[in-house]
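Report on one structure; see the data block that follows.
Quick note: the coordinates plus some simple rules give every number you see, no bench work behind them. Note that this is a predicted model, so its numbers are computed, not measured. All Cβ positions, glycine included, derive from the backbone under ideal geometry; neighbour counts span all protein chains shown.
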Amino acid sequence: MTTVPRRALRAEVWIVLGLSLGQSAVYAVVSLLRKALSDAGVGGSTATLNPTRDTNAWLDLVLNLLSIGFALVPVALALYLLSADRRWDPTLPRVRERLGLLGDRPGHDVAWGALLAAVIGIPGLGVYFAGRALGVTADVVASDLSAHWWTVPVLVLSAVQNAVLEEVVVVGYLFTRLRQLRRGPVAIVVVAALLRGSYHLYQGVGQGLGNVAMGLLLGWFYLRTGRLWPLIVAHTILDVVAFVGYALLADTLGLR
């Protein structure tokens, strides 16, 4: 048995994050600074999560599907790199088992995911509206897509993509690598939560802090259970409710 060199692991982590959510974090910080320096300030700014990409409906659909598909490439990269660990240590379990992605308890995973979504979602609304009142959170437009037959399916796919990307990379992959780099459990959870909060800063400081809290809860749950599916389910539910709910009710509620 041969262990993976720690220097190689550190370089790999920086590369994976630089190609994915670490890059998003840098852009989010710049976006927040830009909003803060604008005449409207953060509170008077807008953050659009699912924008219209073309005025032509079919091109808009194609561009949105391409965006969703390519956003999942870092997930494939992370899973591939984790699976390559078996070349160094053939006794390691397969990636699905290491990350808790087995399909042996679907009802259990969905139930826990729904509970986590409720625990996070309800206080999350309070954090958002408090941030808006304090002027530290932008006006978040969850969907700017025009009404088409494909709007809701695309929003659901976008929610799934967000959940898979964030939970696999920030929790499954990063937790595994930080353990291999001999970081303690508290440090791992905190680092991952801070990363999660940082790439949401384009929505404002309030949403950044709210996502740090979400990251701490999900990280603690993952350490206790070793199962990633409940996190993916919870994140998907939260985003589906936000994206689809906004698309269907924004006009009725006067949100746009």
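For D139, the residues whose amide H sits under 5 Å from its own are S45, T46, A47, ignoring neighbours fewer than 5 places away on the same chain, with H placed 1.01 Å from N.
Dividing the Cα radius of gyration of the range 163-256 by 2.2 N^0.38 Å, with N the residue count, gives 1.21. Give a quick list of trypsin sites (Lys or Arg not before Pro) in the range 72-127 that DSSP marks as loop, anything other than H, G, I, E or B, with at most 16 other Cβ atoms within 10 Å. Counting only loop positions with at most 16 other Cβ atoms within 10 Å, the trypsin sites (Lys or Arg not before Pro) in the range 72-127 are R94. Rounded to the nearest whole Hz, the Karplus-based 3J(HN,Hα) values (6.51 cos²θ - 1.76 cosθ + 1.60, θ = phi - 60°) of the range 123-128 follow the sequence x, x, 4, x, 5, 5, with x at glycine and proline.
Under 13 Å from a label point 7 Å along Cα→Cβ of Q180: give me every residue in the range 99-115 with its amide N that close. Within reach of a label on Q180, which here means backbone N under 13 Å from a point 7 Å along Cα→Cβ, the range 99-115 contributes 99.
Rg and Dmax of the range 1-120, both derived from C-alpha coordinates alone, stand at 20.1, 60 Å.
With axes computed from alpha carbons, what is the tilt in degrees of helix 57-71 against the longest principal axis of the chain, rounded to the nearest 10 within 0 to 90? Here the helix axis deviates by roughly 30 degrees. Residue-normalised convex hull volume from the C-alpha trace of the range 1-54: 134 Å³ per residue.
Couplings 3J(HN,Hα) for the range 38-49, derived from phi with the Karplus relation 6.51 cos²θ - 1.76 cosθ + 1.60 (θ = phi - 60°), are 6, 4, 6, x, 4, x, x, 9, 10, 10, 9, 8 Hz, where x marks Gly and Pro.
With runs of 4+ DSSP H residues as the only contributors, calculate the mean residue ellipticity of the chain at 222 nm using -39,500 (n - 2.57) per run, divided by the residue total and rounded to the nearest 500. So the helix-based figure for the chain works out to -22500 deg cm²/dmol.
Comparing S20, S158, S67 in a Gaussian network model of the chain (Cα springs below 10 Å), the most mobile by mean-square fluctuation is S67. When Rg and the Kirkwood Rh are both derived from Cα coordinates, the Rg/Rh ratio for the range 107-238 amounts to 0.99. Shape annotation for the chain: C-alpha extents along the principal axes are 61, 39, 33 Å, from largest to smallest. Note on the range 116-183: Cα convex hull, mean projected area over all directions, 6.9 nm². For R105 and W14, compute 0.36 nm times the residue count separating them, minus their Cα-Cα distance, and round to one decimal in nm. This chain segment gains 29.4 nm when fully extended. Once the Cα atoms are used to define both axes, helix 229-253 deviates from the longest principal axis of the chain by about 10 degrees.
Relative to the longest principal axis of the C-alpha atoms of the chain, give the angle of the C-alpha long axis of helix 21-37, reported between 0 and 90° and rounded to the nearest 10°. Rounded to the nearest ten degrees, it is 30.
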